[in-house]
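What follows is a set of notes on a single structure, which appears directly below.
The values are calculated or read from the model by the stated rules, or taken from the named source; none is laboratory data. None of the values given here were measured: they were computed from a predicted structure. For neighbour counting, all protein chains shown are included, and Cβ atoms are generated from backbone atoms with ideal geometry for every residue, glycine included.
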């Protein structure tokens, strides 16, 4: 129970820092629309089983990561995104839940995420990439 509260506090602190301290308006052109719609990026992953993959942002706020057979939703805030990604029956026995966030600067993407197999904290991963 204590580990769960620490993890929730850790995520809340990160969300606060992401939304408050990140200077979003200087990195992206002002646009009232979603800047991620239709974008597809080749990304390289650090601290995961996969080395590289593509990530696609769809117009219905869905997110697809090619290396994982699942489905996700994302929330864009200027050039920053926060996403939840769910992979049922990952490796035929576990569900994999991922919390991902990142930022797009010009044609590059960078970010980090948390993997939660069977909804338990396992690791933090980093990624970076470029627009296809």
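Note on the stretch 58-75: residues that are farther than 16 Å from residue 125 by Cα and under 11 Å from the mean Cα position of the chain (by Cα) amount to 6.
There is at least one residue in the stretch 62-69 that is farther than 18 Å from residue 37 by Cβ and either in contact (Cβ under 8 Å) with a residue 24 or more places away in the chain or out of contact with any strand residue (DSSP E or B) (no Cβ under 8 Å at 6 or more places or on another chain) (or both).
Residues that are touching a helix residue (DSSP H, G or I) at 6+ places or on another chain (Cβ under 8 Å) and either buried (at least 20 other Cβ atoms within 10 Å of the Cβ) or closer than 17 Å to residue 68 by Cα (or both) within the stretch 88-121 comprise 99, 101, 114, listed in sequence order. Taking the condition farther than 23 Å from residue 12 by Cβ, in contact (Cβ under 8 Å) with a residue 24 or more places away in the chain, loosely packed, with under 14 Cβ neighbours inside 10 Å and over 12 Å from the mean Cα position of the chain (by Cα), does residue 49 pass? No, not satisfied. Among the residues of the stretch 122-132, the ones that are farther than 13 Å from residue 47 by Cβ and either surrounded by 12 or more Cβ atoms within 10 Å (Cβ to Cβ) or under 15 Å from the mean Cα position of the chain (by Cα) (or both) come to 3 in all. When every residue of the stretch 76-87 is checked against the conditions, none turns out to be surrounded by fewer than 13 Cβ atoms within 10 Å (Cβ to Cβ) and either over 18 Å from residue 59 (Cα atoms) or more than 9 Å from the chain's Cα centre (by Cα) (or both). Does the stretch 33-40 contain at least one residue that is outside any loop (DSSP other than H, G, I, E, B), at pLDDT 85 or above and either surrounded by 12 or more Cβ atoms within 10 Å (Cβ to Cβ) or over 13 Å from the mean Cα position of the chain (by Cα) (or both)? Yes, the conditions are met somewhere in the stretch 33-40.
Need a quick list: strands (runs of 3 or more DSSP E) entirely within the stretch 71-132 having at least 2 residues that are without any contact (Cβ under 8 Å) to a residue 24 or more places away in the chain and in contact with a strand residue (DSSP E or B) (Cβ under 9 Å, 6 or more places away or on another chain). By residue number, 71-77, 80-90, 108-117.
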